[in-house]
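Beneath this line is the structure, given in structure tokens, with notes to follow.
The values are calculated or read from the model by the stated rules, or taken from the named source; none is laboratory data. This one's a predicted model, so the numbers in the text were calculated from it and none came from an experiment. Cβ atoms come from the backbone with ideal geometry, glycine included; neighbour counts cover every protein chain shown.
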Amino acid sequence: MTSLRDLGLSEYEARAYRALLRTGATTAKELSRASDVPMGRVYDVLNSLEQYHLSRSQAASRPKKYVAVEPDTALDRLLESKRQELAEKAEQYENVVAELTDELDAAEPVHDQFWTAAVGADETIDLLVERLAAADDSLVMVAGTPSPQFDLDAVGDLVVDELEAALDRGVDVSMLMSPGLVDSLPESVGQSYMDRLSSRSNFRARTAENVTGVFNLIDDVEVCIEVPNPLNPGQAFAMIDLKDPEFAADLRATFDPRWEEAAPLPL
């Protein structure tokens, strides 16, 4: 059950405000009896309610009297206070992330061999998006036939988002696709490509008939390779992420000649 405490009031403050609504203008002593707030605490509680702008006092009367602000106004004020508090918290967390990003990025990169794998559509997409977001200098994407396992609308939008972010970071992006993949892309993805990527100076896209398989070459040291289902080659089974500069260099040497022979993707 929700209560005024969910909006930041203490138990005594919530009791006192509800009692003020029932009693109308009243003294601190009368409010203490009506709300079960101890007399030794009631003045502190009333001061807090005034600071929240939930009550008003009549200082000219003897003894001093207090009255509650209307519920709609009081709740709006509590809500606004919470919004400001959350905004301040969000700003604090953003500052912490910025400081930690600078600190952690200052660490020397590790170039040891390492590999991991993701199995299944959701895990594969998560791994792909994560590794695209890790690109610092260059990103090569090669895609042949799309897997029917993926929702191309959803995956395409995620990939376009990450590519746009990479371009903003100054990453050089080269995309090589088969004509079949180009033709199968949903209209929404094609429109996103036109609107958000095609005009960028550090983005290039080409198409070639001899493109097979799906892989992504990241910063010339890391490779994400889609693994087809051995029982159904038309479906993706998993994605392997391999950090190995030597293997990445061999893959780049295979890619470059095909890229030079490929045709620019028409706008």
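Of note:
- For the range 195-228, the tally of residues that are touching a Lys or Arg at 6+ places or on another chain (Cβ under 9 Å), assigned to a loop (DSSP other than H, G, I, E, B) and either polar (S, T, N, Q) or over 15 Å from Ala134 (Cβ atoms) (or both) stands at 3.
- Subset tally (residues that are under 16 Å from Thr212 (Cα atoms) and either in contact (Cβ under 8 Å) with a residue 24 or more places away in the chain or not assigned by TED's automatic domain parsing to the domain that holds Gly190 (or both)) for the range 245-262: 7
- Consider the range 243-264 and keep the residues that are assigned to a helix (DSSP H, G or I) and of a type in the set (Lys, Arg). The one that is farthest from Asp219 (Cα to Cα) is Arg258.
Quick grid of which residues meet (1) surrounded by fewer than 11 Cβ atoms within 10 Å (Cβ to Cβ); (2) in a helix (DSSP H, G or I); (3) at pLDDT below 95:
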| position | (1), (2), (3) |
| --- | --- |
| Ser81 | no, yes, yes |
| Glu94 | yes, yes, yes |
| Glu99 | yes, yes, yes |
| Asp102 | yes, yes, yes |
| Glu108 | yes, no, yes |
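- Top-ranked residue of the range 24-42 - restricted to ones that are under 13 Å from Lys65 (Cβ atoms) and not hydrophobic (A, V, I, L, M, F, W, C), ranked as surrounded by the most Cβ atoms within 10 Å (Cβ to Cβ): Thr26
- Selection from the range 52-72 of residues that are assigned to a helix (DSSP H, G or I) and surrounded by 12 or more Cβ atoms within 10 Å (Cβ to Cβ): Pro71
- Cβ-Cβ contacts under 9 Å between residues 6 or more apart (or on different chains), taken from a first residue in the range 190-214 that is in the same structural domain as Ile240 (by TED's automatic domain parsing) and in contact (Cβ under 8 Å) with a residue 60 or more places away in the chain to a second residue that is crowded, with 17+ Cβ neighbours inside 10 Å and of a type in the set (D, E, K, R), are listed as Gly213/Glu226; Val214/Glu226.
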